[in-house]
Amino acid sequence: SPARSEIRIAASQWQGAVEIRVGDKGPGVPPAEREAVFEEFYRAGDGRVAGTGLGLAVAKAIVLAHGGLVWIEDTPGGGATLVVRLPAVRGVR
């Protein structure tokens with residue numbers, strides 16, 4: 001996301017799961033790269049993006065370990081939305 005840009009975070013219940021969405025209005029993620037961004041050491045664009053390329057790979061590993069799913073989709077109006085869906089657990093406090 002561009003510096004100082006708005007990030008939207010939302011959570012909801014969805015068919016026995018909890019869904020968390022984190023969206024921005026940045027340049028988005030091309031469909032051809034949406035799987036690659038979850039690979040270790042992957043960095044978008046020409047590699048000049050700051051970071052190690054581990055954040056989304058680690059996030060995906062954690063989500064999968066808890067029986068969930070994670071993916072990226074378009075944000076309406078431009079940008080990208082990261083979606084995490086985890087099984088809902090009753091009675092946990």
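The values are calculated or read from the model by the stated rules, or taken from the named source; none is laboratory data. Because the structure is predicted, anything quoted here is derived from the model rather than measured. Note that we place each Cβ from the backbone using ideal geometry, even for glycine, and neighbour counts take in every protein chain shown.
Data for the structure
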item	result
Residues of segment 8-29 satisfying the condition of being among the β-branched types (Val, Ile, Thr) and farther than 20 Å from Ala57 by Cβ	Ile9, Val18
Evaluation of Ala11 against (1) touching a Lys or Arg at 6+ places or on another chain (Cβ under 7 Å); (2) more than 18 Å from Gly51 (Cα to Cα) (one fails), failing number	(1)
Members of segment 63-79 that are surrounded by 14 or more Cβ atoms within 10 Å (Cβ to Cβ) and part of a loop (DSSP other than H, G, I, E, B)	Gly68, Thr75, Gly79
Looking only at segment 30-42, and only at residues there that are under 14 Å from Lys60 (Cβ atoms) and not charged (D, E, K, R), the one that is surrounded by the fewest Cβ atoms within 10 Å (Cβ to Cβ)	Phe41
Search result, residues across segment 1-25 that are part of a loop (DSSP other than H, G, I, E, B) and surrounded by 15 or more Cβ atoms within 10 Å (Cβ to Cβ)	Lys25
Single condition Val49 does not satisfy, out of (1) of a type outside the set (Lys, Arg); (2) out of contact with any Leu (no Cβ under 8 Å at 6 or more places or on another chain); (3) at pLDDT 85 or above; (4) loosely packed, with under 15 Cβ neighbours inside 10 Å	(3)
